[in-house]
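Take a look at the structure below.
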Amino acid sequence: MNSEFTHFDAAGNAIMVDVTDKGITDRTAVAEGEIIVCKEIIEAVKNGTAAKGDVLGVARTAGIMAVKQTSNLIPMCHPLMIGQCGIEFEIHEDAGLIKAVCTVRISGQTGVEMEALTGVSVALLTIYDMCKAIDKHMEMTRIHLIKKTGGKSGDFYA
């Protein structure tokens, strides 16, 4: 693992990493996270009866929009031309949770890990927003990168 920080200059000032001379390569990142919910929320999501509408459809759209806005939210992230983005959900009734998985692909000079993490985070926040009238005790948890491919640092699998 490389322990050298690349987001600081010699004086310790935060900087955006210069990727100008890096080659364009195919890169993928996959992040996932969970939101712990009550049985009533699971039922409302499954049956489409939440007062605010299609919870997972709106959460998917919000997550994709967030991926495209990552550089506006995280100061040192580069604006990227996203090639592909998808968000999938798994409802685990027995565990009382909904899992979100965000996959982002690009051909570019820098990776898309932050975009995948942002997408999954905003998707989960949207589920919270759309279901908080049912129960405010939801908990977002286990948000993490599970896979990254491409680039100088190579592949990563959690």
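The values are calculated or read from the model by the stated rules, or taken from the named source; none is laboratory data. What you see is a predicted model; the values in this text were computed from it and never measured. Cβ coordinates were reconstructed from backbone atoms using ideal geometry, including for glycine residues, and neighbour counts include every protein chain displayed. All accessible areas refer to the heavy atoms of the entire protein, side chains included, with ligands and DNA or RNA removed. Shrake-Rupley method; radii C 1.70, N 1.55, O 1.52, S 1.80 Å.
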Only one of Leu56, Leu73 that is of a type outside the set (Asp, Glu) and touching a strand residue (DSSP E or B) at 6+ places or on another chain (Cβ under 7 Å): Leu56
For the range 25-51, pairs from a residue that is without any contact (Cβ under 8 Å) to a residue 24 or more places away in the chain and on the phi < 0 side of the Ramachandran plot to a residue that is among the acidic types (Asp, Glu) and not in a loop (DSSP other than H, G, I, E, B), with Cβ under 8 Å and 6 or more apart or across chains, are Thr49/Glu43
When the residues of the range 88-103 are narrowed to those that are out of contact with any Leu (no Cβ under 7 Å at 6 or more places or on another chain) and of a type in the set (Gly, Ala, Ser), which ends up nearest to Val37 (Cα to Cα)? Gly96
With the requirement that a residue be more than 30 Å from Phe8 (Cα to Cα) and in contact (Cβ under 8 Å) with a residue 12 or more places away in the chain, what does the range 52-82 give you? Lys52, Gly53, Val55, Leu56, Val58, Ala59, Arg60, Ala62
Report, by residue number, each residue of the range 22-45 that is in a strand (DSSP E or B) and over 12 Å from the mean Cα position of the chain (by Cα). Thr25, Asp26, Arg27, Thr28, Ile35, Ile36
Residue hits (the range 20-42; surrounded by fewer than 14 Cβ atoms within 10 Å (Cβ to Cβ) and not polar (S, T, N, Q)) are Asp21, Lys22, Gly23, Ile24, Asp26, Lys39, Glu40
Hey, Ala50 out of contact with any strand residue (DSSP E or B) (no Cβ under 7 Å at 6 or more places or on another chain), more than 19 Å from Phe156 (Cα to Cα), of a type in the set (A, V, I, L, M, F, W, C) and surrounded by 15 or more Cβ atoms within 10 Å (Cβ to Cβ) or not: yes
So which residues in the range 92-113 are open to solvent by 60 Å² or more (accessible area, probe 1.4 Å) and more than 16 Å from the chain's Cα centre (by Cα), if there are any at all? His92, Glu93, Asp94, Ala95, Ser107, Gln109
